[in-house]
1. Looking at A:Lys346, is it among the basic types (Lys, Arg) and surrounded by fewer than 15 Cβ atoms within 10 Å (Cβ to Cβ)?
2. Assess whether B:Glu128 counts as being at pLDDT below 95 and within 16 Å of ligand 2 (Cβ to nearest atom).
3. Testing A:Arg11 on (1) open to solvent by less than 40 Å² (accessible area, probe 1.4 Å); (2) within 14 Å of chain B (Cβ to nearest Cβ); (3) not hydrophobic (A, V, I, L, M, F, W, C), one condition comes back false. Which one is that?
4. Considering the range B:165-191 alone, what residues qualify as being closer than 24 Å to A:Ala314 by Cβ, away from chain A (no Cβ under 12 Å) and either away from ligand 2 (no atom under 16 Å from the Cβ) or open to solvent by 30 Å² or more (accessible area, probe 1.4 Å) (or both)?
5. If you scan the range B:4-40, which residues turn out to be polar (S, T, N, Q) and either open to solvent by 70 Å² or more (accessible area, probe 1.4 Å) or within 16 Å of ligand 1 (Cβ to nearest atom) (or both)?
6. Tell me, which residue of the range A:165-184 that is open to solvent by 40 Å² or more (accessible area, probe 1.4 Å) and at negative phi is nearest to the chain's Cα centre (by Cα)?
7. Which helices (runs of 4 or more DSSP H) sit wholly inside the range A:351-399 and have at least 2 residues that are under 30 Å from the mean Cα position of the chain (by Cα), surrounded by fewer than 14 Cβ atoms within 10 Å (Cβ to Cβ) and more than 16 Å from ligand 2 (Cβ to nearest atom)?
8. Within the range A:302-329, take every residue that is closer than 30 Å to A:Leu32 by Cα and more than 14 Å from chain B (Cβ to nearest Cβ) and give me the one that is surrounded by the most Cβ atoms within 10 Å (Cβ to Cβ).
Amino acid sequence: MWLPLANILHRKLRTGLSVLAVGIGISMLIVLVSLSRGSIDEVVKRWSSIRAELWVLPRSVDVITAKGDYLDDRVIQQILNVKIDGKPVASQVTPVFKASMHLAGQEQSVWGIDPDDLETIAGGKKIIKGRQFDAERKFKTLIAQKRAGRRDYDPDSISKSELGEGLELIIDQRLAQAAKANIGDSVGLLGKKFVIVGIIETGVPARVLTSLQTIRCIKGVSRARSTFYFARVNKSIDAVAAQEAIAKDLPGLRVERTGAFAGILADSVAIATIIPDVICGISVVVSFLFILLTVYTMVLERSKEIAILRSLGANSGFIHRGIISEALLISVGGIVVGIVLSYGGKMLIESHWPLLTVDIKGQWLGLAVVVGLVGGVLSSQMPAWLAVRADPLAALSEA
Amino acid sequence: MSSVVFETKGLLKNFRVDSLKVPVLRGIDIQIEQGEFVAVVGPSGCGKSTLLHVLGMMCKHDGGDFRAWGQNVSELNQRQRTKMRREKIAFVFQRFNLLGVLSAKNNVQMALKIRGDHTDHQVNQALEEVGLAEKMHFKPSQLSVGEQQRVAIARALVCRPEVLLADEPTGSLDSENSKAVMELIRGLHDERAEQTTILITHNRRIVDAADRVLEMIDGKIKT
Ligand SMILES: Nc1ncnc2c1ncn2[C@@H]1O[C@H](COP(=O)(O)OP(=O)(O)OP(=O)(O)O)[C@@H](O)[C@H]1O
Ligand SMILES: [Mg+2]
């Protein structure tokens, strides 16, 4: 048998513990990276359903919480008026009024949209159970009547029973499963009881969708205001050119490409990836200190073996390689254990917190393999150096 | 005309104990020729093992002249000395010094592996020569002391070294095993015309079997 393998098998418990320690470090790395990156990717994927190229928001708004000023819906017309060479750049502008609610154990963002804009926002995702909110446009019509063409109206003039017609929302399938919610259940939002009237396929940008008119009414917004807008760019116009044209004509607005949300989100939640990355780093370092300690004790207790190899004519390189091979064997074992633990961790996390996404990608597994092997080689350098330096004579005459 | 394997003149070796310099070899003059079977005898602590380690280039000498195969060993660096040991020299120790985690076969094979030779049949042949072909998969702990020493001899001789350095090879064995091991070493020496054997012993019978006896006392060769 190969000497390094024989050696690590000789001390099974110690080897097992080292392999486990490295495995835990490696699996922390895989799970945390897959969790932080997977969660961002999942949001980005949902955003890709939006059938509009541009995202228009007030300069002051925070892109993640969407807290900040509201825009007056007059900007819709202003955006539609922006032209390049006499041609309007946008063909359609869709307002969104954002709120949030607590459901399935975490904060969910709620998008209030016009019932007629569902297609644009949900990008063809189908309602698989129940129906849309305000399906018959009763509440939308009611508000239009109250407004009667004026810019302002008194939200307090809506009676409780009239408002009741608007208290409907739909949620996506993943949230429905996570919250064990069903059609007809009522849920609290902005201090009111809303009824879940429909469940939509997973993949819509906000897991909870409700009526723009309802949210505004509850918030007591008398004039049509929104958190942000999506603008669909005219087919003949390049989206970047359109983005620049709108930003130039309407300097009070921030205009982003909808597709660039991944980058914006990643930048804004850098903290959400930095913290897991730091934890990964620490756990990886600790697990390699474990390899170092294991290999170090092996070298200490094996001065005799090293002396024997010397007497057989082994050079420093041979002894060095032997020690590194032992460290690498532990690393490889740790990598295998780490990958297995990662899938276990993924199952555990996703069953406990169904809305978290642990997306174990080949690239993260690759990263773990590289980190494991490099760590194994590095952590064995010091013990290997000691082994090479050891005086063989003293050990040879020992009993 | 036989050629000289080792030649020393005024060979010195000190050990350092704390800051104290302890002379162990105090001017050794020897000449060992190829094919000789030399026994080294002397009282405990006189420096026999140290001499063997210096000859086997396991450690450096501190003074005097030491030539191996005509080369001045002082001029060789550690790598070159290791290479010379690997290619020409093999050890057998009193305490066998087998690798405990490996089988008898793997222990013998290790000597070849270190030389970059991964073949198998020489290993089997060497174990047959020492009469242990049947037990080649046993670990040292599963072998008797006599058998362990025979494995060590197989390991030393599998590479057909020019020089065998044996440090009290029968020192841990009872008389029966001693006799068997001794006959083995002498027999294998005789089979290989080129092989030089230098052997430390307290055993009268071995001394009688040697071509020449070097008597050491207090770090010197008695003349
Ligand atoms: N590594 C060492 N450091 C310090 N002193 C040493 C070392 N090795 C040997 N010595 C000393 O050198 C002297 C000679 O030792 P050596 O082992 O060569 O004797 P020996 O003739 O082989 O004895 P024995 O017959 O008991 O094996 C001893 O006094 C011993 O204490
Ligand atoms: Mg001795």
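The values are calculated or read from the model by the stated rules, or taken from the named source; none is laboratory data. Note that this is a predicted model, so its numbers are computed, not measured. Don't worry about glycine lacking a Cβ; one is built from the backbone with ideal geometry, like all the others, and counts go over all protein chains shown. All accessible areas refer to the heavy atoms of the entire protein, side chains included, with ligands and DNA or RNA removed. Shrake-Rupley method; radii C 1.70, N 1.55, O 1.52, S 1.80 Å.
1. no
2. Judged against the criteria, B:Glu128 is not a match.
3. Evaluating A:Arg11 over (1) open to solvent by less than 40 Å² (accessible area, probe 1.4 Å); (2) within 14 Å of chain B (Cβ to nearest Cβ); (3) not hydrophobic (A, V, I, L, M, F, W, C) leaves (1) as the failure.
4. Matches in the range B:165-191: B:Ile185, B:Leu188.
5. Residues satisfying the conditions are B:Thr8, B:Asn14, B:Ser19, B:Gln31.
6. Ranking the qualifying residues of the range A:165-184, first place goes to A:Arg174.
7. A:362-379
8. Here the residue is A:Ala327.
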